[in-house]
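Read-outs throughout are calculated quantities, based only on the coordinates presented, and are distinct from any laboratory measurement. Since we're looking at a predicted model, the values are computed, not measured. Backbone-built Cβ (ideal geometry, glycine too); neighbour counts: all protein chains shown.
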Amino acid sequence: MVAARNGRDGVKPGKVIGGYRVEQEIGRGGMGVVLRARQLNLDRPTVLKRLRRDLAADEEFVERFEREARAAAAIHHQNVVAVFDCFSWRGDQYIAQEWVDGIDLGAALERVKRIPPRIALIIATEIARGLEAIHANATVHRDLKPANVLLGRKGCVKIADFGIALGATDSGLTRPGILLGSPAYMSPEQMLGERVDTRSDIFAFGVMLYECLTGRTPYPEASGEHTESTLSRVQHERYIAVRRENPQVPRGLARLVGHCLRAKPQKRLASASQLRRTLEARLRCSPQAARAELVNWLWGECVLEVADGETAVAPVVRPTSRHGLGWAASVAAASVAAGGMLVLVAVPVNWSTEAGESWFDRVSLPRLESRAGVAHDLASLWLEAPPGVQVRVNGRVVDLDERESALQLAAGTHRVVFVHPVHGSEEHEIEIEAGESARLAPHFAAH
């Protein structure tokens, strides 16, 4: 929690503003102050954004502030932060919007540096769904970046901050010589100050996904470098390939990033709908299961912090038997007392699946690091099979890209089946310990 700030432009906790009781200040940005509040008539947590008082006299900034509210309020989607109201109170301009209890993606990256490809895929898919809804409303966000993506404590992913969003009928509301947006995530056409369309958001999406997978942006600004030099690198697509930065990234996901980062808009993915479909085809699990897996990672890697007196619940998967053929719908709870905290870990035991799909696309246990130092480590399994051989691990088909890197599995016994169109199937049970790296190949591969 961020302590409330006082000062000339601060708001004291407890003050009531237009039906909202201020609880604390949680941040400040270029446009104003952000407050956590409670909407009194509905008794729900809310975020109040107040336009800076020194900007309130500028018609352009007031119009941009109001446009942010209109743009966001017109979009109703679970992956976009909802706006409740826009109002004036005693000379100040406010926007009331949904409170997302969690952390922004930028802060998460500061803590973990890079995100595992599977988790990055989940986050990217949720962002793409929200982006599809934004574009369907004839709106271009223009400021997609990790700081504007919120990760909730229960696994939600939401796009926020429509401060410079552009609608179909908007003129842009920019002044000559002023660049709006975040340069590290801008498309070349946006850096040039040209009129942008939805494909500019696709570029920014590619920058974010690159950063999630590698821990850095593709075009970091060098010390003392002029904007023209950065623009030249972007226009000529001079960046280090994803898999050179992180060989664990599947080739298909790396190729997708490359398609998003094309300098010419016409060569990028055509739409957020195409982006979303491509990601969902790789994800291959329900939104509910993906959200549970994201929660598992957020808590397991301590991306989220447990507040004093809070009870955190994170799902952990484990096989029902040594064959790993199903997952539990019932939940067993194990608790760990740590420094005055109680951390509950919900463990699925018998979750039923369809067509051999597992509850999580990748079997894993998190490392739950608490003040007590509790940890559940993973093991790595490298699979080697000739082309044309289908591989199933604990009932799930492993695609070709995943064979290029190790699967992260819970320590214990796992069932691996190789299916050859001529030689038939070959089944193995392999037991691996925490921290161990093992390799497995079918016997017919040698023939």
Positive-end extreme of charge dipole, segment 16-98 - chosen from Met31, Ala96, Val62 (charges on Cβ) | Ala96
Descending packing, highest mean Cβ count within 10 Å first, for 49-58, 118-127 is 118-127, 49-58
Per q in 0.19 1/Å, what log10 I(q)/I(0) does a Debye calculation on the alpha-carbon atoms of segment 102-283 return?
-> -1.40
Anything over 22 Å Cα to Cα? Flag those among Lys15/Lys145; Lys113/Lys267; Lys12/Lys49; Lys15/Lys49, in the order listed.
-> Lys15/Lys145; Lys113/Lys267
If you place +1 on the Cβ of every Lys and Arg, -1 on the Cβ of every Asp and Glu, and leave all else neutral, what size is the dipole of segment 25-126 about its Cα centre, to the nearest 20 Debye?
-> 400 debye
How large is the dipole of segment 102-283 about the Cα centre if only Lys and Arg carry +1 and Asp and Glu carry -1, each at its Cβ, rounded to the nearest 20 debye?
-> 800 debye
Peptides 148-160, 379-391: what's the order by average Cβ count within 10 Å, highest mean first?
-> 148-160, 379-391
Within 10 Å, count the other beta carbons around each residue, average over each peptide in 37-47, 208-218, and list them highest first.
-> 208-218, 37-47
Assigning unit charges at the beta carbon (Lys, Arg +1; Asp, Glu -1) and nothing else, what dipole magnitude in debye, to the nearest 20, does segment 68-166 show about its Cα centre?
-> 400 debye
